[in-house]
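Notes follow the structure.
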Amino acid sequence: MSCRPWGKATGAQGYRPARDLFAYRHDVLDEPQHKGRRLLERIGRDPSVKARFADLRRIDTEIQVMATVFNDAWADNWGFVPLTVPEVTHMAKELKPFITNESMTVIEVEGEAEAFAFALPNLLELTDGLDGRLLPFGWARVLTRYFTRPIRSERLALMGVKRRYRDNPLGAALAFLAIEKLREGSRKRGIVSAELGWVLDTNHRMRSMLEDAGARHYKTYRVYEKFLGAPAAAPESQS
């Protein structure tokens, strides 16, 4: 189900549906559908296109790639807030124990980064029995389990293809290639399933691409909004 901005107010508080965000479930072992295979075969014959994993030894460079491509790709999307290099740097330091080179793929055309995809392991798999408590010793137990218990699922957290490819068949191929390269790394790490999202309900291009890649829409998140106007003037007292 989809909604549009400023629909009918919901409830006494005046909140209205703003956007629906779709999440997709993807079996990492599944192969792309017919359209996806064609695009991958076509772009695989282009010597100017290169797919690679991130190099965490050059993490500052990879952070710049992520921020630059993401900010260009998502600039005109609803609710967009640009990523800053300090913000991504902080995120990378916090997540460093849980990511590898294969957690991020970069697609280059003529040596320039034009697309990327970044996935995070599903750490909830490691929190069994903690009752939501990470302090004082929960974090230690999670880290111990991380190195002794394989994680089988992940989430595609960030992805982008630069806007100049948006209405170009090459753009869809670059996106497919970013996901396919990420799947390659995921399989090496024993990942079997992934959540892809969130995707705006109005982003038909991305939704179609994910479905062509074999993903299925399995969850919808709804965002509500409320107009915050000037407060009504208090009625004059009657003497």
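If the condition is being within 30 Å of residue 48 (Cβ to Cβ) and under 14 Å from the mean Cα position of the chain (by Cα), then the stretch 184-208 contributes 194, 196, 199, 203, 206, 207. Being surrounded by 11 or more Cβ atoms within 10 Å (Cβ to Cβ), within 23 Å of residue 47 (Cα to Cα) and in contact with a Phe, Trp or Tyr (Cβ under 8 Å, 6 or more places away or on another chain) is true of residue 102.
Considered as a group, the residues in the stretch 114-128 that are more than 14 Å from residue 191 (Cβ to Cβ) and of a type in the set (Asp, Glu) include one that is surrounded by the most Cβ atoms within 10 Å (Cβ to Cβ), and that residue is 114.
For (1) under 23 Å from residue 28 (Cα atoms); (2) modelled with pLDDT of 85 or more; (3) of a type in the set (S, T, N, Q), each residue gets a yes or a no:
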site	(1), (2), (3)
143	no, no, no
152	yes, yes, no
161	yes, yes, no
186	yes, yes, yes
191	yes, yes, no
225	no, yes, no
235	no, no, no
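Among residues belonging to the stretch 15-45 that are assigned to a loop (DSSP other than H, G, I, E, B) and modelled with pLDDT under 85, point out the one that is farthest from residue 194 (Cα to Cα).
Of the stretch 15-45, the ones assigned to a loop (DSSP other than H, G, I, E, B) are 28-33, 45.
Keeping just the survivors that are modelled with pLDDT under 85 gives 29-33.
Values: 29: 10, 30: 11, 31: 14, 32: 14, 33: 17 Å.
Per the criteria, the residue is 33.
Selection of first residues in the stretch 118-132 that are farther than 30 Å from residue 106 by Cβ and of second residues that are outside any strand (DSSP E or B), restricted to Cβ pairs under 6 Å at least 6 apart or on distinct chains, gives the following pairs, ordered by first then second residue: 130/138. If you go through the stretch 112-141 and keep only what is over 18 Å from the mean Cα position of the chain (by Cα) and either hydroxyl-bearing (Ser, Thr, Tyr) or closer than 25 Å to residue 53 by Cβ (or both), you end up with 112, 125, 126, 127. If you go through the stretch 209-222 and keep only what is over 16 Å from the mean Cα position of the chain (by Cα) and surrounded by fewer than 16 Cβ atoms within 10 Å (Cβ to Cβ), you end up with just 222. As for the stretch 72-91, it holds no residue that is among the charged types (D, E, K, R), in contact (Cβ under 8 Å) with a residue 24 or more places away in the chain, over 20 Å from residue 177 (Cα atoms) and part of a helix (DSSP H, G or I).
The values are calculated or read from the model by the stated rules, or taken from the named source; none is laboratory data. Please read these numbers as outputs of a predicted model, since none were measured by experiment. Here Cβ is always computed from backbone atoms with ideal geometry, including for glycine, and neighbour counts include all displayed protein chains.
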